[in-house]
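Here's the structure we're looking at; comments come further down.
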Amino acid sequence: MTQRRWIRATAVTGAAAVLGGILGTDIAAAAGKLSLPRLDEVKPVPVSEVKTKKAGGRDDAARDARRGAPKVTWPQAATAEAELPERRGATRRAGKLPVLVGLPESNGKAKAAKDTAPPESAEIRVLDRATTKKLGVEGVVLAVRGTGGGEDGRVRVTLDYSGFEHAYGAGWASRLSFVRLPACALEKPDDPKCARTEPLATDNDTDSRTLTADVPVDATAEPSGDAAGNGPKTMLASAAEGVTLLAATAAPSGAGGDYKATPSVPRAAGRPAPRPAASPGPTGSRPPRRPAGSSRSCPSPTTPSPWTAVPPPPTTRPTGWATAGR
């Protein structure tokens, strides 16, 4: 055997001995026969492009989408008079105002034949925006007066609010209703007594965007001032003499939901209960602390007490405190 073959045989024998010593005979034999199972071949699913087609018919989303802020048009300040139709329930427009007037279907509470005579005509005035804001009304204020009737008359008033239904949010238009203002509201708007309102039964038709209510009027008062509403001496100056102030303002709730303020929960209800104080001694009160510097003597036998006097904390540092950590 040549020297080269001898070296090769010696190397193979040594490697086998080392591998057998490290892995063991069984593991070394299994490592030579190790083989992985073949994976199943997955065939791809054939796909094809799908052509899209726009749905036909009416696009309600595009129709109802808003392109911008809705336009708000408040009715201009003006005065108009109209004769009331003889047929109850019928209405007639008051000039160019967005207001219809007529006689209610029911005559209301009757006092006497002469006092319940229906008004022959009605005068309507829309107040200007400055006066409306001064009264603290977020809406429209009307002055209504009936003539040619009894003192317990009623006029059916219908207001078209389609021009300003988007003036405010939170379903404001659906919560609109009529309220009656006191006669002194124009003269003393800051007086709390003149700021009280009286709600009137109102029909808010959200489809036609109209408010309808039967307004009580005193139709026996004679017209005073300029019927056109010019100058200070107008129908507004005689609000206490047959003129009814009517405000179209939002109520806390309506067809669009309830926007009343949620009752607040007391702050203590959401907090944990406070830690109870220490119970007093037998005499009903906590004994005083022992004065500083007094001796630690036990309580006198004549005045037994379960409490132990606690000395106050030291007010000065002991000698060497400042230099102890240096």
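Read the figures in this text as sums done on the coordinates, not as results from a lab. Remember, predicted model here, so these are calculated numbers, not experimental data. Cβ: placed from backbone, ideal geometry, glycine included. Neighbour counts: every protein chain shown.
A few notes on this one:
- Placing a pseudo-label 7 Å from each Cα along the Cα-to-Cβ vector at GLU49 and ARG93 gives an inter-label distance of 5.9 nm.
- 3J(HN,Hα) couplings calculated from phi for region 82-96 with the Karplus curve 6.51 cos²θ - 1.76 cosθ + 1.60 (θ = phi - 60°) are, in sequence order, 9, 6, 7, x, 5, 6, 5, x, 7, 10, 9, 6, 8, x, 9 Hz; Gly and Pro show x.
- Placing dummy labels 7 Å off each Cα toward the beta-carbon, the span from GLN76 to GLU165 is 2.4 nm.
- Amide H to amide H distances under 5 Å link LEU84 with SER121, ALA122, where only residues 5 or more positions off or on other chains count and H is placed in the peptide plane.
- Estimated FRET transfer efficiency when R0 is 25 angstrom, pair THR206-ARG58 (beta carbons, to 0.05): 0.65
- Between VAL217 and GLY153, ARG154, VAL155, the built amide H atoms are under 5 Å apart, and every one of these is 5 or more places off in sequence or on another chain.
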